[in-house]
Structure formats: structure tokens, C-alpha cells
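Quick notes on the structure that follows.
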Amino acid sequence: MTNTILKRARVWGALLATGVLVLAGCGASDQTEVSRGPYTIYIHGDSLLPRGGDDALIQGTVVTRNGCVLLGFGNGAAYPVVWPSGTSIVDDDPLTMRLRSGDQVTVGQTVRGGGGSHDVASPMVTVDIADECRSATGEVLIFNPDGNIDLDA
């Protein structure tokens, strides 16, 4: 009887540990800074597990300021962005980024995709956004880690 109890305890312990690992993968992903030439972008790290995200639509025009790649809006506001994993800078003259889909985006293009807006101090922002890249409101736009971004022609 004692062996049966111990076996069940081990099984439940293993299931609990697996559940904790799966849930740990559901939070904010590791984010990192990538620079090329004078430009810096922030991206989600890669993951073997699928990751969710926020349900808001992020849409704006790619702009640069002080070497920061931001999303700008018609009212003059511009916000730092955490791009999906797999995004990279492929050229810095002119700035050209490659999205995870293989599409390339340059300054002046409008992009849109799923994600959300979070305060720079939020636990959802795990990368240190440079002071010169921060918005006046402290908001950071975060595309979903595994999300696709659409480009306007």
C-alpha cells in the first residue's frame, strides 16, 4: 500500500511540475534589443512553445527618432515597439527590417498586427527600453510574439 501511495505521489508531482512549466511559458517572453548601424529594435525571443498575446490591433507607420525605430500616428505621437520573434534589421541605409514572414518593411510603411499597449514598467515589457526611445506616456506597443504583421502597400 505504501508503494502505491508513493507511486501516485510521484505521478502527481510530475504532472504538477509539467503544468508549472507550461504556465511559465504563457507569460511575457524574453525580449531583447537588436542594433545595426544607428538603429535599435526590440524583439521577442524565440520559443519552442506557442505563445498567445493581447487582442488589440496595433496599427501605425514606421518612423525613426534618435536611432529608435518607433510606430508613429497622425497626431504626432510615436511609441517604441516590441516586434514578433524573427524580426531583424537587414539594412541600415535605408533602414530595412525583415519580418518573420520574410516581408521587408521600411520607414514610412504602415504596419498592423495583433498585440497590445503596456507601460514601460509593466512585467510584459522585459527589455530595457532606452530613455530616448520612450514615449511621453511611457507606453510600449507589443506585437504578439508569434504574430504576423500585415503591410499596407
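Could you work out the local net charge near Ala78, counting Lys and Arg as +1, Asp and Glu as -1, over the other residues with Cβ closer than 14 Å to its Cβ?
Details: positive: Arg65, Arg134; negative: Glu132, Glu139.
Its environment carries a net charge of 0.
Using a 10 Å cut-off on Cβ atoms, rank the peptides 54-62, 74-82 from the highest mean neighbour count down.
Working: 54-62: 15.3, 74-82: 17.4.
So the order, starting with the most tightly packed, is 74-82, 54-62.
Which distance in nm do the two modelled labels at Thr137 and Asn66 give, with both placed 7 Å along the Cα-to-Cβ direction?
For the pair Thr137/Asn66, the computed spacing is 1.9 nm.
Whole-Hz Karplus ³J(HN,Hα) for the range 106-119, in order, using 6.51 cos²θ - 1.76 cosθ + 1.60 and θ = phi - 60°, x for Gly and Pro?
10, 4, x, 7, 8, 10, 8, x, x, x, x, 10, 9, 5
About the Cα centre of the range 31-151, how large is the charge dipole given +1 on each Lys and Arg Cβ and -1 on each Asp and Glu Cβ? Please answer in debye to the nearest 20. All intermediate terms of the calculation are to be shown ahead of the outcome.
Numbers: 7 positive and 15 negative charges, 29 e Å.
It comes to approximately 140 debye.
Can you give the net charge of the other residues whose Cβ lies under 10 Å from the Cβ of Gln104, counting K and R as +1 and D and E as -1?
Values: positive: Arg98; negative: Asp91, Asp103.
Local net charge: -1.
Counting each pair of different Cα atoms once, what's the Kirkwood radius of the range 31-151 in Å, rounded to one decimal?
Working: mean 1/r = 0.0710 Å⁻¹.
Evaluated over the range 31-151, this radius sits at 14.1 Å.
No lab work stands behind these numbers, since they all come straight from the coordinates. This structure is a prediction, so every number in the text was calculated from the model and none was measured. Cβ sites come from the backbone with ideal geometry, for glycine too, and all protein chains shown count toward neighbours.
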